[in-house]
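Got a structure here, written out as structure tokens. Questions coming.
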Amino acid sequence: MAWVNRKKIQPAAGKPRKGRSEETMSQTRIRLIGAPTDVGASMRGASMAPEALRVAGLPEALARRGLAVLDDGNLSGPSNPMLPPVAGHRHLPEVHAWNQAVRDAVSVALQAGELPLLLGGDHCLAIGSIGAVAEHCRQQGKTLRVLWLDAHADFNTSTITPSGNLHGMPVAILCGQGPDALVRLASGALSGAALAPESVRLIGVRSVDEQERQLVHTCGLEVFDMRHLDEHGMRTTMQQALMGVDERTHLHVSFDVDFLDPDIAPGVGTPVRGGPSYREAQLCMEMIADTGQLASLDVVELNPARDHQNRTAELVVDLVESLFGKSTLMRLRP
């Protein structure tokens, strides 16, 4: 693992949201962890995302929220060899190496009392990120809740998908189903899975393979797909997804940019029509911020090669700001 470009951005004055007192906001340190790789993805391009997000002003936007932003640049790891699957998995050694680096970096940030913000890269990196968070929660006696914002369930296995792309498998691997090397990496000292299925809420799903759907149901994951959002609205959906979150909860958000409708976010590798609108996405982020329990975050699958003038990266920065308290709310809170 290597770091480059050590930099600290001082917090700017900003009014905190409900759930985060001014004192708490001033003490919050965000650790940006760049992981510029697309080894788990179906196409190239996500490796450019960390720099696209920096160019779009992510560090400065977070500083405007009154947060101390620590940016040590990017992790290093193996390049993308662009090879076909071997025993059902593409680039397994490279994916393992990148996830080990991510796991180590996220662990260091959590041990330092910082909020790790992973800048992917593709979604396979959540194996290392959430693996580190799950171990931290066990050590701290915290309850982990993972919100997986994604157009896809990411619960594939090598027997379900012929592509072997590991960015379609991280939830399954975290729940103990997948190649042994990655399951062990995610779970750390545990002999079983890093995550219990009841810790996860999948939100925005609208593209699932038939066998993958069956496996999701068999394992008992809670899924709020786009039909659920259409029928019940984002407000009710998020109330359900956040039910039970309290001061003992470590809330982790794994934000795949293809969660958003491609009309507003074209810069992704696997776009799926019919996702949340801009206002729905803003409400989702603001309701997460209202809990005051957000403690770690992945931002993944931004693909600048498919974007238009960094438009998607700028939208992502806008939404991440909302996760940390930006709002246009005018009415007084109770």
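Quick one: dipole size for the range 162-230, taken about the Cα centre, charges +1 on Lys/Arg Cβ and -1 on Asp/Glu Cβ, in debye to the nearest 20. Provide the component values of the computation, followed by the final result.
Numbers: 5 positive and 8 negative charges, 27 e Å.
Dipole of the range 162-230, to the nearest 20 debye: 140 debye.
Just how large is the dipole of the range 214-323 about the Cα centre, in debye to the nearest 20, putting +1 at every Lys and Arg Cβ and -1 at every Asp and Glu Cβ? Kindly include the intermediate steps, with their values, before the conclusion.
Working: 7 positive and 19 negative charges, 28 e Å.
Charge dipole of the range 214-323: 140 debye, to the nearest 20.
Across the chain, what fraction of all alpha-carbon pairs, as a whole percent, falls in each successive 20 Å bin from zero upward?
P(r) for the chain, in whole percents per bin: 35, 61, 4.
Also, I was wondering about something else. C219: accessible area at probe 1.4 Å, nearest 10 Å²?
For C219, solvent-accessible area is about 40 Å².
Rank S42, S79 by accessible area, highest first, at a 1.4 Å probe radius? Please list the in-between numbers first.
Working: S42 55, S79 95 Å².
Ranking S42, S79 by accessible area, largest first, yields S79, S42.
Further question on the same structure: Relative contact order of the chain, please, whole-number percent, based on alpha carbon pairs below 8 angstrom and at least 6 residues apart. Please report the intermediate quantities before stating the final value.
On the way: 769 pairs, mean separation 70.6, N = 334.
It rounds to 21 percent for the chain.
Using the Cα centre of the chain as origin and beta-carbon charges of +1 (Lys, Arg) and -1 (Asp, Glu), tell me which of N310, A61, G220 is placed farthest towards the positive end of the dipole.
Positive-end residue among those listed: A61.
Separate question: Hey, in the GNM for the chain with a 10 angstrom Cα cutoff, which one of P81, P93, P197 fluctuates hardest?
Its mean-square fluctuation being the largest, the pick is P81.
Please compute the contact order of the range 69-183 in relative form: average sequence separation of alpha-carbon pairs under 8 Å and at least six residues apart, divided by the residue count, as a percent.
Details: 131 pairs, mean separation 31.0, N = 115.
Worked out over the range 69-183, it gives 27 percent.
Moving to a separate point now. Which of these, G192, G164, G45, has the largest mean-square fluctuation under a Gaussian network model of the chain (Cα springs below 10 Å)?
Checking each option, the largest mean-square fluctuation is seen for G192.
Could you tell me which GluC sites (Glu not before Pro) in the range 150-259 are loop residues by DSSP with no more than 13 other beta carbons within 10 angstrom of their beta carbon?
Details: sites: E198, E210, E212, E222, E231, E247; in loops: E247.
Loop-located and lightly packed - E247.
Quick query: amide H of V69 versus all other amide H atoms, modeled in the peptide plane; which residues come in under 5 Å with a sequence gap of 5 or more or a different chain?
HN-HN under 5 Å from V69: I9, I30.
The values are calculated or read from the model by the stated rules, or taken from the named source; none is laboratory data. These figures come from a predicted structure and were not determined experimentally. Positions of Cβ are generated from backbone atoms using ideal geometry, with glycine treated the same way; all protein chains shown enter the neighbour counts. Surface areas here come from the heavy atoms of the whole protein model, side chains and all, with no ligands, DNA or RNA. Shrake-Rupley method; radii C 1.70, N 1.55, O 1.52, S 1.80 Å.
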